[in-house]
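Working notes, beginning with the structure itself.
The values are calculated or read from the model by the stated rules, or taken from the named source; none is laboratory data. Here the structure is a predicted model, which is why all the values come from computation and not from measurement. A quick note on method: Cβ atoms are made from the backbone with ideal geometry, for glycine too, and the neighbour counts reach across all protein chains shown. Heavy atoms of the whole protein, side chains included, go into the accessibility calculation; ligands, DNA and RNA do not. Shrake-Rupley method; radii C 1.70, N 1.55, O 1.52, S 1.80 Å.
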Amino acid sequence: MRLVKPKKFLGQHFLKDLKVAQDIADTVDACPGLPILEVGPGMGVLTQFLVKKERPVKVVELDYESVAYLREEYPSLEDNIIEDDFLKMNLQRLFGGQPFVLTGNYPYNISSQIFFKMLDNKELIPCCTGMIQKEVAERIAAGPGSKTYGILSILIQAWYRVEYLFTVHEHVFNPPPKVKSAVIRMTRNETKDLGCDEKLFKQVVKTTFNQRRKTLRNSIKPILGKDCPLTEDAVFNKRPEQLSVQEFINLTNQVEQALKEIREKNDEINKR
């Protein structure tokens, strides 16, 4: 069967180095025994090594040409090749509600969306590995004080331990991307509950980083308003990239209390 032509609109860059593919596939060994879901298998360069892991493997692919190729080249996977958009899938149905490892050579144009979906299904995905754009990998793994530390860093590190495993150069792809790539592994940490309102936590992180060059006193205004006395606290002199995950949790609890007081004050005014 003829090879699949990479499609730019799908962000396809097919890995052609088998040693790199083997190394990526082996990143799932940190979570033994769990079934594996591979996103965007393309022509199966990772798949050929994943199916040797002696555990259930499913692959999800949006490109109909790649699906046809996989069905011909990997007949044993026939019932486990899913032609669908990962971002729209109900992951609960995949392995009967059983947790699984997520892996893949992820399309760079949607890698952040893939990880946000992972976070929405964190109880199902105790381990996520794979290859993404180097810049995004560095952002996810960054710590407080780094220029690359941001929304993805905090939201993922709140729930996962992040390992930047290795860098992959452009020449091992067809076509070569214009950027370097990196392989990372994210493994669920011990956190069961953040200790704050999770929805507000996301809002605080996203709102403050939307104006990351400003101090928290200014970047938090869309949530607290201009005249909230809470912002006189010393923490509001800092910029968002200076705060650890735990400090963002503490900040969220402060914001929640302030919002409660503002509502109560408004209710009192309205009763008069």
Completion exercise
Quick shape check on the range 71-207: root eigenvalues a ≥ b ≥ c of the Cα gyration tensor, a/c under 1.5 is rounded, otherwise prolate if a/b tops b/c, else oblate, and it reads oblate
Completion exercise
Residues other than ASN121 with Cβ under 12 Å of its Cβ, Lys/Arg counted +1 and Asp/Glu -1, net out at +2
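Using the Cα gyration tensor of the range 128-272, with a ≥ b ≥ c the square roots of its eigenvalues, what is the shape: rounded (a/c below 1.5), prolate (a/b larger than b/c) or oblate (neither)? Don't skip to the answer; put the middle values down first.
On the way: a/c = 3.07, a/b = 2.34, b/c = 1.31.
Verdict is prolate for the range 128-272.
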Handout entry: Whichever lysines have a C-alpha closer than 24 Å to that of LYS199, once near sequence neighbours (fewer than 8 apart) are set aside
Key = LYS88, LYS117, LYS122, LYS214, LYS221, LYS226, LYS238, LYS260, LYS265
Handout entry: Per-residue HN-Hα couplings for the range 39-51 [Karplus 6.51, -1.76, 1.60; θ = phi - 60°; Hz; x = Gly/Pro]
Key = 9, x, x, x, 9, x, 5, 7, 3, 4, 8, 5, 5
Exercise for the section: Per residue of the range 218-235, in order, report the coupling 6.51 cos²θ - 1.76 cosθ + 1.60 (Karplus, θ = phi - 60°) as ³J(HN,Hα) in whole Hz, putting x for Gly and Pro. Expected result: 8, 6, 8, 4, x, 9, 9, x, 7, 10, 6, x, 4, 6, 7, 4, 4, 4
Completion exercise
Options (i) 146; (ii) 166; (iii) 125 for volume of the Cα convex hull per residue in Å³; the value derived from the coordinates is listed as (i)
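With only Lys, Arg, Asp and Glu charged, each at its Cβ (+1 for the first two, -1 for the last two), find how big the charge dipole of the chain is about the Cα centre; round to the nearest 20 debye.
Charge dipole of the chain: 960 debye, to the nearest 20.
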Completion exercise
Amide H neighbours of ILE36 at under 5 Å, excluding residues fewer than 5 places away on the same chain, with H built from the backbone geometry, are VAL57, LYS58, VAL101
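Per residue, how large is the accessible surface of the chain? Use a 1.4 angstrom probe and give square angstrom. All intermediate terms of the calculation are to be shown ahead of the outcome.
Details: 13830 Å² over 272 residues.
Heavy-atom accessible area per residue stands at 51 Å².
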Exercise for the section: Taking amide H positions as placed in the peptide plane 1.01 Å from N, state which residues far from ASN174 in sequence (5 or more) or on other chains have amide H under 5 Å from it. Expected result: PHE14, LEU15, LYS16
Exercise for the section: Enumerate the calculated ³J(HN,Hα) couplings along the range 178-188 in order (Karplus 6.51 cos²θ - 1.76 cosθ + 1.60, θ = phi - 60°), each rounded to whole Hz, writing x wherever the residue is Gly or Pro. Expected result: 7, 10, 7, 10, 8, 10, 10, 9, 10, 10, 3
Handout entry: Nearest-ten-degree value, helix 245-271 long axis tilted from longest Cα axis of the chain
Key = 50
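Restricting to the chain, what percent of DSSP beta bridges are antiparallel, rounded to 5? Kindly include the intermediate steps, with their values, before the conclusion.
Working: 17 of 31 bridges.
Close to 55 percent.
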Exercise for the section: Please give the peptides 254-267, 157-170 ranked by average Cβ packing (other Cβ atoms within 10 Å per residue), highest first, as a rough proxy for protection. Expected result: 157-170, 254-267
Exercise for the section: Return one number: the angle in degrees, 0 to 90 and rounded to the nearest 10, between the long axis of the Cα atoms of helix 198-209 and the longest principal axis of the Cα atoms of the chain. Expected result: 90
Fill in the blank from the handout: Applying the gyration tensor rule to the Cα atoms of the range 12-86 (axes a ≥ b ≥ c; rounded if a/c under 1.5, else prolate if a/b exceeds b/c, else oblate), the class is oblate
